[in-house]
């Protein structure tokens, strides 16, 4: 909270600002846990929207675990972290074409798994 105190506007309510910080910290923590098969959720989620977002993140994490490492890495870097294809290529050691192929095939497989087919 102290690191973000400069962003607080005294003319706006305090609680939503604080909850926003907590949500972003929780999302950051969930991102670090995406490599694990199991993710523990905190039991004290106050806002229903926060709970829904957290549950979606867990579902996405479990869905990504069904993919190969190369597909998961490509999707995570490009679609979740927002890296370019070229940046993901440099980071993973895959060619740019292979990054695109892994994203395409990974998303297709994830869609099939999500649909249960």
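For 27, 78, what's the fewest-to-most ordering of other Cβ within 10 Å of each Cβ?
Least crowded to most crowded, the residues run 27, 78.
Can you quote the Å³ per residue value for the convex hull of the Cα atoms in the range 67-117, rounded to an integer?
Taking only Cα atoms, the range 67-117 has a hull volume of 57 Å³ per residue.
Compute the length gained on full extension between residue 114 and residue 100: take 0.36 nm times their separation in residues and subtract their Cα-Cα distance, giving the result in nm to one decimal.
Between residue 114 and residue 100, full extension yields 3.0 nm more.
Values in this text are rule-based calculations from the coordinates and carry no lab data. Small disclaimer: the values here were computed from a predicted structure and weren't measured. Cβ coordinates were reconstructed from backbone atoms using ideal geometry, including for glycine residues, and neighbour counts include every protein chain displayed.
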